[in-house]
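Peer 1: Before we start, here is the structure in question, set down as C-alpha cells.
The values are calculated or read from the model by the stated rules, or taken from the named source; none is laboratory data. No experiment lies behind these values; they were computed from the predicted model shown. Note: ideal-geometry Cβ built from the backbone for every residue, glycine included; neighbour counts use all protein chains shown. SASA here: full protein model, heavy atoms, side chains in, ligands and nucleic acids out. Shrake-Rupley method; radii C 1.70, N 1.55, O 1.52, S 1.80 Å.
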Amino acid sequence: MSSPAPAPPPGAVPPPAAASLAPALPADLDRSCRWPVLVLGGLSAGWLVFAAVLGVLAAIKLHAPGMLANVDWLTYGRVQPAAWNALVFGFGAPAGLALALWLMVRLSGVPLVGTGTILFGAAVWQVGLKLGVLGILAGDSTGIEGLELPRYASPLLLAGYLLIAPWALVVFDRRQPRESYLSQWYLVTALLVFPWCFASGYVLTSFLPLRGVLQAAAQAWYLQQLWVLWFGSLTLATVFYFLPKLTGAAVPSRSLALFGFWTFVVFGGLGGLTRYAGGPFPAWMLSLAVVGNVLTLFAVYAVGANLLPSLHAAVSRLKGNVVLWFLGFALLAWLAASVLTALNSLVTVRHLTHFTLVTPGLDQLALLGGFGLAALGGMYGVVPRLLGRDWPSRFLATLHFGCAAGAVGLLAVAFLIGGLVQGAALNNTDVAFLTVAKRYLPFASTGTLAQLLWLVGSGAFAVNLLWLLVACARTVCVPAARALVEPLPAEGKA
Amino acid sequence: MKHGPLLFLGVFTAVFASWVAGVLAPHVQIGGQSLVQIDELGIQYPLDRTGEAKQGAEIYRAQGCHYCHTQQVLQEPLLSRLTLTDAGTNIAEVVATLRKVRRDLDADTAAALVSRPPQVVLAHAGASATDQATRLLTNAGAQVESTIANLGPDLRRGWGTRRTVSRDYLRDEPVFLGQIRLGPDLANLGARQTNTTWLLRKLYNARIELPGSTMPRYPYLFTERRLRPGQAPSPDALALPPEFAPPPGIEIIPTREARQLVAYLLSLRSDALFYEVFPPKPQTTTTNAVSAPVEATNAPPTQTSSLDLRPSDFPLRTSDFDLRPSDFDLRPSDFDLRPSDFALRTSPLALASP
C-alpha cells in the first residue's frame, strides 16, 4: 500500500523535549492521531445527542399518535429510521473509527499516517450523512430497514469510509513489534467487514436491486454483519484493550482467545435470516441462520471466560474508575445480547417473539449497551490522553454512566418483557388487534423514558467534552493571543 | 499471531462464505423465478400494479408504514382436514378403503362413519397422506373434501388464506416485508378491505373507524378547502362523522398522494393459489387422527409411478419443471383446496422430469 508522508497534525503542540527520537513513545503516537480521533469523536458526540432527540421523538410518537401529526417530516415512519441512521452512522461508525485509529496506533507502535485524508474523509462522511438523514425526513428513504439512506447519500458514506479506514490497516501493516494483539484482530475484522457489507447492502437493494424477497435476504445479511462483525468486533476490540489494562490482569488464555475470535468470525455472520424466520425464504436459509447464531455461543463463552474473572476481581479495587464502569457494562451487555439472540433464534422461542418488540429490544441492547457503552468508555479513556488534561467534571461523567446504563437496562427489560406480552397476545387470536396494541403500548412508553435517560446521559457527555475542548483551547489560545496582542498595549501603557 | 496476511485471508474467507450463503446462493436458487401463468384467469401472478398503485407504494415507502406493518403471512407446514362428504354407492368398498386409510378404526366404527357423512376422516394430515387418502377414497366412489386444518394465528386473524411465498413479491420494489407488528399485517389488506372511503378515513384519523386506535394520523395527506358561501360541496370531499368533521364551510379533500396510497393498499393481496404454496415439506406425519401412513397398494400399477414422484418430494426445484399451475384448481376466494385434483394432475409433471 502506498503511504504518503505523514501530514503534520495541524496545530500540534511542540513535543516535550527529548521525546523526538524514540520510536514509540505513547505521547508521540497520541499526537500523531490526535486530530483525526478528536474530530471523529467530537462529531460522533454531536450526532449522539441529535440521535437521542430523534429517538425520544420517535418513542413518544408511538404512544401519542396525534402529536405533531401535521408535520410530515416528523411522522413516526420517518423519525424512527432517521434516529436509527443518526445513531448508527452519526455516532456509531465515526466513534468506532476514532477508537479503531487510536487503538491501532497504540497497539502497533507506529504513528498514524494520512491525517489529512482522514479529516477529508470525515468531512465527506458528514456531508453524506446529513444529506441522508435530511432525505429520510423528507421522505426519500429507500424503504429497506437499516438501508434507508437515499441513493444520493450512501455512496458519500462509503467514500468517506474508504478515505479513513485504510490508514488504520496501513498502521497495522507497519506495526513495530511484529507480534499482534487480540484487539487488533478484532479491529481488522471490523475494518474489513464494514465496506463490504455496506456496499453489498446498498448496491443490492437500491442500485442494482435483487428481485423480490432477495432484497430482504441481502438486507438481513447486511444487518447481521453490521451488528455482529462490525459493532461486535469494535466492542470486543475496545474491551480487550482496556479491561486488561485497567485490571492489570492479562488475558488468561491465549488459545481460548484465538478460538473465540475464529468462532466469532466464522459463525457470527451467518445468523441474519432469523429476522425473517418463517418468512418467504427457502427453509435451509433459516436453518443455517439458527446454526450460526447458536454456534456463536462458543465465541461468547470464550470472551466471557477470558474477561469476566479479571473484571470480577477488579471491581472492588477500581470502584471509582468511570472507564471501567462503561467497559464492564458494555461487556455484560454484549454477552447478554449474544446469548439472548441465540436463544431467540430457536424456533419455539421465535414463535412467541417474532414480529414483536423483542427484535428492536435485542438490537438496542447490542447497539447501545454493547457497542455504545464500549465506545463511550473508550472515549473517556482516550480523550484525556490526547489532550493531556483530565475531564473537567467527574459528576457529569458519573451522571452519564448512570443514565446510559439505566437507559439500556430499562429499554432491554421493557422491550423484552413487552415483546413477550405482545407475542402472546398476537398468537392468541381471541385477542383483537387493538387489544394487542394496548398491551404492548405501556412497554413502548417505558421505552420513551429510557430514551429520555439516554438523552440526558448523552447531553452530559457532550457538555463535558465541550467543556474540556474549550478549556484546552483556552490554554493553547490565550497565551498565543496574548503573545500577539501584548507588545502593542505594553508599549502603549509604558 | 505474526501473520497479518493470514489474518486478512481468514477473515476475508469467513465473510465471503457467509455472503455466498446469505446472498449469492439464495439468488442462484430463486433469483430466476418466473411469474405464475394462471390460464383460467388469463393473468400472470403476481399482477402488475396500476400506475396509481405503483406511485402509492412510493407514498407507503416515504411515510414508513412498514415500520409498524408487516406484509408477510406465516404458517407452519400445511396440514389438511379431510372430510368424507358422500359415501357413494359402493359402501362396502368405501368402508374397506377407509380402514386402509385409518388403521386405527375397527370395522364397526368405519361403517358408522361412512353411514353418516359428512365425517372428518383425517384431522391433521400432511400433504401426501391427504393426497393418498383422497385418491383411495375417490377411487372407491366416495366424495371427500379437504380443508386447511392448521390455520395458525395469522390465518385465524384473517390476514390471509395461506402463507406468503417468495413469488408473491416478484413485482415489489422495494419489498416491505417488515420486522415488527405494531399494526396488523397488510399482505392481504386488499382482500379484506375494498372500501376506498374507509381507507381514506383510516389515513385521515384511524380513530374514526376504530375508537382508541393507536395508528398515527396522516392529516398532511389531505387538504382543507374553504367553501365560498353558497358553493356546493365537492364530490371528492371526505365524508366524516360529526365529531371529526371540520367546522362548517370547510371540507377535507384527499390529496393525490392519499388516493395513490389507497390504490396501493387496495392492490395488496397475495391469495392466489398455485403450485408452490401447496406442498410444503414432504411431511407425512400426522398429529392425531392417522395412526399409520397410508399405503398405496390399492392404486393401479400405471399410477404407482406417478405416486412415487410427488411435488412435495422436490419443493425447492419447482422451476426445473415446466410448471403449469393452471392444472390446479384455483379458488382464491373460498380457498377450497382439492388435493385430489392436485395429486392426480401431477403425473404430466412427473413425466416431464428428466
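Peer 1: Could you list the square roots of 5 times each eigenvalue of the Cα gyration tensor of chain A, that is, the equivalent ellipsoid semi-axes, sorted largest first and rounded to whole Å?
Peer 2: With the √(5λ) rule applied to chain A, the semi-axes are 39, 26, 23 Å.
Peer 1: Now for a different question. In debye, nearest 20, what is the charge dipole magnitude of the range A:336-455 about its Cα centre with +1 on Lys and Arg Cβ and -1 on Asp and Glu Cβ, if you could check?
Peer 2: Magnitude of the dipole: close to 200 debye.
Peer 1: Can you compute the modelled spin-label distance between A:ALA481 and A:ALA305, with each label point 7 Å from Cα toward Cβ, in nm?
Peer 2: 5.9
Peer 1: Same structure again: 7 Å from Cα along Cα→Cβ at both B:LEU47 and B:GLU76: what's the point-to-point distance in nm?
Peer 2: According to this spin-label approximation, the distance is 3.4 nm.
Peer 1: Can you check what the net charge comes to around A:GLU145, using other residues whose Cβ is under 14 Å from the Cβ of A:GLU145 (Lys, Arg +1; Asp, Glu -1)?
Peer 2: The answer is +2.
Peer 1: Summing Lys, Arg as +1 and Asp, Glu as -1, what charge do residues with Cβ under 12 Å from the Cβ of A:SER310 carry, A:SER310 excluded?
Peer 2: +2
Peer 1: Among the listed pairs A:LYS61/B:LYS54; A:LYS61/A:LYS438; A:LYS130/B:LYS54, which are separated by more than 21 Å between their Cα atoms?
Peer 2: Beyond 21 Å: A:LYS61/B:LYS54; A:LYS130/B:LYS54.
Peer 1: Over the alpha carbons of the range A:115-199, what is the largest minus smallest coordinate on each principal axis, giving the biggest first in Å?
Peer 2: 51, 27, 15 Å, listed from the longest principal axis down.
Peer 1: Taking each residue in A:138-150, count the Cβ atoms of any other chain within 10 Å of its Cβ, then average. What number comes out?
Peer 2: The per-residue average across the peptide is 4.
Peer 1: With the alpha-carbon atoms as the only input, what is the per residue convex hull volume for the range A:206-359 in Å³?
Peer 2: Once divided by residue count, the hull of the range A:206-359 is 129 Å³.
Peer 1: Hey, if you put +1 on the Cβ of every Lys and Arg and -1 on every Asp and Glu Cβ in the protein assembly as shown, which of B:ALA62, A:PHE326, A:ALA51 ends up farthest toward the positive end of that dipole?
Peer 2: Of the listed residues, the answer is A:PHE326.
Peer 1: What full-extension length gain, to one decimal in nm, is calculated for B:GLU173 and B:VAL20 as 0.36 nm per residue of separation minus the Cα-Cα distance?
Peer 2: Values: separation 153, 0.36 × 153 = 55.08 nm, distance 2.29 nm.
Gain on stretching B:GLU173 to B:VAL20: 52.8 nm.
Peer 1: The range B:191-246 to the range A:351-400: how many Å between their Cα centroids?
Peer 2: 44
Peer 1: Over the protein assembly as shown, how many percent of alpha carbon pairs lie in each 10 Å bin up to the one with the longest distance?
Peer 2: Final binned percentages: 2, 12, 20, 21, 17, 13, 9, 4, 2, 1, 0, 0, 0, 0.
Peer 1: A further question on this structure: Can you give the FRET efficiency to the nearest 0.05 for B:ARG192 and A:TRP467, using r as the Cβ-Cβ distance and R₀ = 45 Å?
Peer 2: Taking R0 as 45 Å, the efficiency between B:ARG192 and A:TRP467 is 0.20.
Peer 1: What longest region of chain A stays clear of trypsin sites (Lys or Arg not before Pro) that DSSP places outside H, G, I, E and B and that have at most 16 other Cβ atoms within 10 Å?
Peer 2: A:1-150
Peer 1: What's the FRET efficiency of A:LEU346 with B:ARG116 using the Cβ-Cβ distance as r and R₀ = 56 Å, to the nearest 0.05?
Peer 2: 0.80
Peer 1: Additional query: State in Å² the accessible area per residue of chain A; use a 1.4 Å probe, count heavy atoms of protein chains only, and round to the nearest integer.
Peer 2: 36
Peer 1: Run lengths n ≥ 4 of DSSP H only: what is the helix-derived mean residue ellipticity at 222 nm for the protein assembly as shown, with -39500 (n - 2.57) per run over all residues, to the nearest 500?
Peer 2: That calculation yields -18000 deg cm²/dmol at 222 nm.
Peer 1: Could I ask something else about it? Excluding B:ARG259 itself, calculate the net charge of residues whose Cβ lies under 10 Å from the Cβ of B:ARG259, where each Lys or Arg counts +1 and each Asp or Glu counts -1.
Peer 2: -2
Peer 1: Using a simple charge model, +1 on the beta-carbon of Lys and Arg, -1 on the beta-carbon of Asp and Glu, nothing else, what dipole does chain A show about its Cα centre, in debye to the nearest 20?
Peer 2: With only Lys, Arg, Asp and Glu charged at Cβ, the dipole is about 540 debye.
Peer 1: Next question. Using a probe radius of 1.4 Å on protein heavy atoms only, what is the accessible area buried between chains A and B, both sides summed, to the nearest 100 Å²?
Peer 2: By this definition, chains A and B bury close to 6600 Å².
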